[in-house]
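The values are calculated or read from the model by the stated rules, or taken from the named source; none is laboratory data. Because the structure is predicted, anything quoted here is derived from the model rather than measured. Using ideal geometry, Cβ is built from the backbone for each residue, glycine included, and neighbour counts are taken over all protein chains shown. Areas reflect the complete protein model, heavy atoms only, side chains present, ligands, DNA and RNA absent. Shrake-Rupley method; radii C 1.70, N 1.55, O 1.52, S 1.80 Å.
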Amino acid sequence: MKRTFLPHDTTPGCSVHNLRIRRALFVLCLAVSALPARAGLWEAICTVESGGNALAVGDGGKAAGVAQIHGITVRDVNRFAGTNYTLNDRFNVEKSRQMFHLYVNHYGKGKSDEVKARIWNGGPNAMKATGLKKLNLDRYFAKIQKHLKK
């Protein structure tokens, strides 16, 4: 039996044309998904601070959670934002994210990711740091920046 192939119409309503468009979009989606995603500041902070471990404890037991939040930071956020976060909330990723954003937007409102990262690591006066503290903040932001570029 001989097969006959009918020429397809190249108008957008043609099913063959639509199939080609869908294939092209699929290939484009695959290519885009293979590109490394640019991490936001929150994701970069979590990666550098704890490797994404929500149960991490560091700084001699003073910092906890995915963003390594200190108790003084929790108290400060509660003071200026009128919230009621507890020390245990540092182990909750969503509550940690909320505290992070409240803190960096309070002290670094309208500032760059670099300023916000430095404030997160060095406190509200981080941008005034000198000497060894400034050097440590420079090193900290360099780590953050590697993850922001991904």
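See the values below:
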| read-out | value |
| --- | --- |
| Residue that is nearest to LEU137 (Cα to Cα), among those in the stretch 66-101 that are part of a helix (DSSP H, G or I), open to solvent by less than 60 Å² (accessible area, probe 1.4 Å) and polar (S, T, N, Q) | THR73 |
| Matching residues in the stretch 50-73 - criterion: being farther than 25 Å from HIS147 by Cα and in contact with a helix residue (DSSP H, G or I) (Cβ under 8 Å, 6 or more places away or on another chain) | GLY71 |
| Residues satisfying the stated conditions in the stretch 115-138, i.e. modelled with pLDDT under 95 and of a type in the set (D, E, K, R) | ARG118, LYS128, LYS133, LYS134, ASP138 |
| First in the stretch 81-109 and closer than 12 Å to ILE119 by Cα, second anywhere and assigned to a loop (DSSP other than H, G, I, E, B) and of a type in the set (A, V, I, L, M, F, W, C), Cβ under 7 Å, 6 or more apart | PHE100/ALA67 |
| Filtered residues of the stretch 40-58 (kept if open to solvent by 60 Å² or more (accessible area, probe 1.4 Å) and at negative phi) | GLU43, THR47, ASN53, LEU55, VAL57 |
| Test: residue in the stretch 102-120 that is open to solvent by 50 Å² or more (accessible area, probe 1.4 Å) and more than 30 Å from GLY82 (Cα to Cα) | no |
| Residue match in the stretch 84-98 (condition: closer than 24 Å to LYS146 by Cβ and in contact with a strand residue (DSSP E or B) (Cβ under 7 Å, 6 or more places away or on another chain)) | yes |
